[in-house]
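See below for the structure under consideration.
The values are calculated or read from the model by the stated rules, or taken from the named source; none is laboratory data. Quick caveat, the model's predicted, so the values are computed rather than measured. All Cβ positions, glycine included, derive from the backbone under ideal geometry; neighbour counts span all protein chains shown.
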Amino acid sequence: MAFLDITGVSKRFGGLMALSDVSLQVEKGEIFGLMGANGAGKTTLFSVIAGHVAPSAGEVVFNGTRLTGLSPSRICRLGLCRTFQIVRPFAGLTVAENLRVAALYGSGRKLSAVEIARVVDAALEAVDLSDRRHLDAAQLTLSGQKRLEIARALATGAQLVMLDEVMAGLNPTEVSAMLATLERLRGDHRLTFVIVEHVIGALMTLSDRILVLDHGECIAFGTPEEIGNHDRVAEVYFG
Ligand SMILES: Nc1ncnc2c1ncn2[C@@H]1O[C@H](COP(=O)(O)OP(=O)(O)OP(=O)(O)O)[C@@H](O)[C@H]1O
Ligand SMILES: [Mg+2]
């Protein structure tokens, strides 16, 4: 069975089908890209997987456990964590304190003070925020806040991290740096990622496989190269 196995997930908001019969399998250690125009259903799919939104149909199985009906905190403790499209660190807490909260409450393990300090240090290091650990989280640049979102996921001990537009609003230099960070995380920390990104170049570079959603339906699935040559994708994206 795949690490993350999504079968026939649909989500209806009133008269709108935000997701229609979506199925996908993510293997351990891969970077799985999710693509689609505004309103395609990408964030809704993340919300269903992470337990923030109940699906109208279908099921999600992570690492052998059925997630449907579980709370977001329970799902996080199973090792599956998401970042939010709109970053929301705890303002008034420092960068390191934000990570301490994640390590304390997100992991589901009882950690000693020494272990928590070690987890926080490792998360800071992993996203290159060590030098900004004492800064109020609200004072970070957007790029820094996106890194903090990733670090918070790491501090919970997540094995699979869903990243919702971590490149959005970053300048080209910051995008390159973020690409390098994510590649390193996959390599060194053996993490699995599902990423949503409008920065198509970055998505193509990072992803092993990509699924394209359009109005809640899967319209294409394949390697970045296959997606780049896909007629229907070109039509949806470029008219
Ligand atoms: N809580 C909600 N209630 C009603 N409709 C919703 C809700 N959340 C999302 N939608 C609708 O579902 C559709 C899919 O939204 P979603 O946010 O998943 O798209 P997206 O692919 O993440 O778009 P974007 O690229 O703009 O972030 C949209 O039409 C949106 O308006
Ligand atoms: Mg979205």
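A few notes on this one:
- Residue in segment 127-179 that is surrounded by the most Cβ atoms within 10 Å (Cβ to Cβ), counting only those that are small (Gly, Ala, Ser) and over 16 Å from the mean Cα position of the chain (by Cα): ALA137
- Checked against (1) touching a Pro at 6+ places or on another chain (Cβ under 9 Å); (2) over 23 Å from SER176 (Cβ atoms); (3) of a type outside the set (S, T, N, Q), GLU149 meets all criteria but (2).
- Among the candidates GLU217, GLU165, residue that is at pLDDT 95 or above and under 16 Å from LEU34 (Cβ atoms): GLU217
- Taking segment 2-106 and the strands (runs of 3 or more DSSP E) fully enclosed by it, the elements with 3 or more residues that are within 16 Å of ligand 1 (Cβ to nearest atom), in contact (Cβ under 8 Å) with a residue 40 or more places away in the chain and crowded, with 18+ Cβ neighbours inside 10 Å are at 4-13, 16-26, 31-35.
- Here the condition is being of a type in the set (S, T, N, Q), away from ligand 2 (no atom under 13 Å from the Cβ) and either under 20 Å from VAL212 (Cα atoms) or modelled with pLDDT of 95 or more (or both); of SER73, SER56, it holds for SER56 alone.
- Members of segment 193-213 found to be of a type outside the set (A, V, I, L, M, F, W, C) and at pLDDT 95 or above, listed by number: SER207, ASP208, ARG209
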